[in-house]
1. GluC sites (Glu not before Pro), restricted to region 115-224: which are DSSP loop and have at most 14 other Cβ atoms within 10 Å?
2. Please list, ordered by chain and number, the residues whose modelled amide H lies under 5 Å from the amide H of Leu460; skip anything fewer than 5 residues away on the same chain.
3. To make sure I understand, if each residue's beta carbon is the centre and we count other beta carbons within 10 Å, what order do Phe626, Phe562, Phe136, Phe57 fall in, fewest to most?
4. Taking volume of the Cα convex hull per residue in Å³ straight from the coordinates, which label in (i) 214; (ii) 223; (iii) 194 is the correct one?
5. Among Thr588, Thr550, rank each residue by its count of other Cβ atoms within 10 Å, from fewest to most, as a rough exposure measure.
6. Tyr328 to Thr473: extension gain in nm, 0.36 nm per residue of separation minus the Cα-Cα distance?
7. Under the 0.36 nm per residue contour assumption, what length would be gained going from the current alpha-carbon distance of Asp137 and Ile44 to full extension?
8. Using the Karplus equation 6.51 cos²θ - 1.76 cosθ + 1.60 (θ = phi - 60°), what ³J(HN,Hα) coupling, rounded to whole Hz, does each residue of region 364-370 give in order, writing x for Gly and Pro?
Amino acid sequence: MSIPKRNFIFDFDSTLTRVEALDVLAEITLVNNPKKEEIIQEIIDITNLGIDGDISFTESLERRIQLLNATKLDLENLISTLKKQVSVSIEKNKAFFEDFSDDIYVVSAGFKEFIEPIVAAYNVPAERVFANTFEFDENDVIVGFDRENPLSLHNGKIQCIRDLKLEGEIQVVGDGYSDAITREAGVADKFFAYTENVSRDKTTKNADHITPNLDEFLFVNRLPRNISYPKNRIKILLLENVHPDAFEKLSKDGFTVETVSKSLSEDELIERIRDVHVLGIRSKTQVTKKVIEAAEKLLVIGAFCIGTKQIELEACKENGIVVFNAPYSNTRSVVELAIGEIIMLMRSVFQRSTELHNGQWNKTARGSREIRGKKLGIVGYGNIGKQLSVLAEALGMDVCYYDVADKLALGNATKINKLSDLLAISDVITLHIDDNAANKNFIGAAEISQMKDGAYLVNLSRGFVVDITALTTALKSGKIAGAAVDVYPEEPRANGDFYTELKGLENVILTPHVGGSTEEAQKDIADFVPNKMMAYINFGNTVDAVNFPTIRLANHNNAHRFLHIHKNVPGIMASINEVFAEYNMNITDQYLSTDEKVGYVITDLDKDYSPKVIKKLKEIEGTIKFRVLY
């Protein structure tokens, strides 16, 4: 069966390049002009008027050239600049231009003098470049353009394409109105509005297809491309007011990102997640097994926080969904709050503040003590516990710690082997333990009774690790002098009314789970988590995944990358490689990592593959998910 002939006609400015060339030329020629910004803005305005069809293109050219005052030497500088401004997805798919050179034309209202040197690097010869040409005076100053060229006229692209008399289907790719009307005029069969660099309403509303990058164009046409699935088709849903930097980072990488300011209920999430590939949440959204089973396209979840208890990790693993969190990004924020609360508790700051707000002047040293020389007992010596240890020691505290794992002490901190011993000697106990279900009521009535009389308790870890009723009783009796609590056994999913037995106790600082909620921490999280998610989506890397075997494989040019997630049972790797052998595919790199339940293998291959290969790999018994990256 023969494939119908197709001709691909590309615009140049803001399509093949990220910029309008004459605007860049203005930056070069006006560099020392005191009215530079004013003139450049006028040139940009004239450019847009011409592109949108609001003035004739001939008029647009005349007015811009008069303002430019450019020379041949300026064009050399322009070409050098434009070579660095090729559109990102065009550059990544350079092979398409080389492999389909005979079918590609550049038709532009720009100028051959700077277009030909740029597209030559993409194997587009001068004879398939149709554009305007400059006219120069005896001093090589640009004074005009060839007015006989149809591309210097209004709607000149229509005449130019008609004159080419191309056989077969004609597809036009561009960002301007002059590109859009080629289909209406009958000289193009399809028009693709190219929006990678600029999106114009007049252009997109007349398009057969809006293509935010060349990957999308190639995907629609079933042509070879740099990546198998265009990033703009990968849908990302970010919930719970995730920091806007995450949206910016993911959008800039080409993904389609939607944000929701709140958490969603199970039913709401099931409804929204069916077409979602990547989910970003914080601590309130519950990703249940029911949600996971409804998320047929879901590849990865990013928890923009430390904890992952809100996510059914095993269900994610069984369905081939990789989970990342931010174990370090808000460490400093939590530690600073812990230090601050220890000082405020021991100085009775909140009691004095409340009294003064009520008009009572109570200048007293009673119940107000320095933290210097006091013993701080840290329960949980992980990332937060260790940094707290260093800062507390710098403030003069005597630090000891307890951890179920063997952790190396920092500075002069002392390891205590039994929790009861730590409780008995500490003036302040601060909790930094994980969300393991076994830690429920880790500090209960029995543990409180072992504490030093008049000690203080700070909980910035998990709400369920402290028996709130026992803590309330101890505070009321004076056994515990004060407490700071940031987390609770049950927390609301949204802002509003909240009740705890600790409410109203004057020696208690209550905060609404804001230990890691600083602008700096959220910004760091919005950098860390998206980077991990993109590393998995773009390359298959699972470094720092919470629930998955770890793989990081270097990116290879001129190779295909297959990702295969499967049940960890004997014989699957053999079956995978049998398929590759059957189709005579050469493996250039392969890495397998497993845990007790799943295996994850990345394979790079240097040979083009048949769709039958994909079908056979997906049909291997035990396969959970299969994906082709490029």
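Where a number appears in this text, it was derived from the coordinates with a stated rule and is not lab data. On a predicted model such as this, the values are computed, not experimentally measured, just so you know. Because the Cβ atoms are built from the backbone with ideal geometry, glycine has one as well, and the counts that use them run over all protein chains shown.
1. Numbers: sites: Glu127, Glu135, Glu138, Glu148, Glu167, Glu169, Glu184, Glu196, Glu216; in loops: Glu138, Glu148, Glu167, Glu196.
Taking region 115-224 and a limit of 14 other Cβ atoms within 10 Å, the loop GluC sites (Glu not before Pro) found are Glu138, Glu148, Glu167.
2. Leu431
3. On the way: Phe626 18, Phe562 26, Phe136 15, Phe57 23.
Listed from fewest to most nearby Cβ atoms, that is Phe136, Phe626, Phe57, Phe562.
4. (ii)
5. By the 10 Å Cβ count, ascending: Thr550, Thr588.
6. Numbers: separation 145, 0.36 × 145 = 52.20 nm, distance 3.45 nm.
Between Tyr328 and Thr473, full extension yields an extra 48.7 nm.
7. 31.0 nm is the gain from fully extending Asp137 to Ile44.
8. So the Karplus estimates, Gly and Pro as x, are 8, 9, 5, x, 10, 10, 6 Hz.
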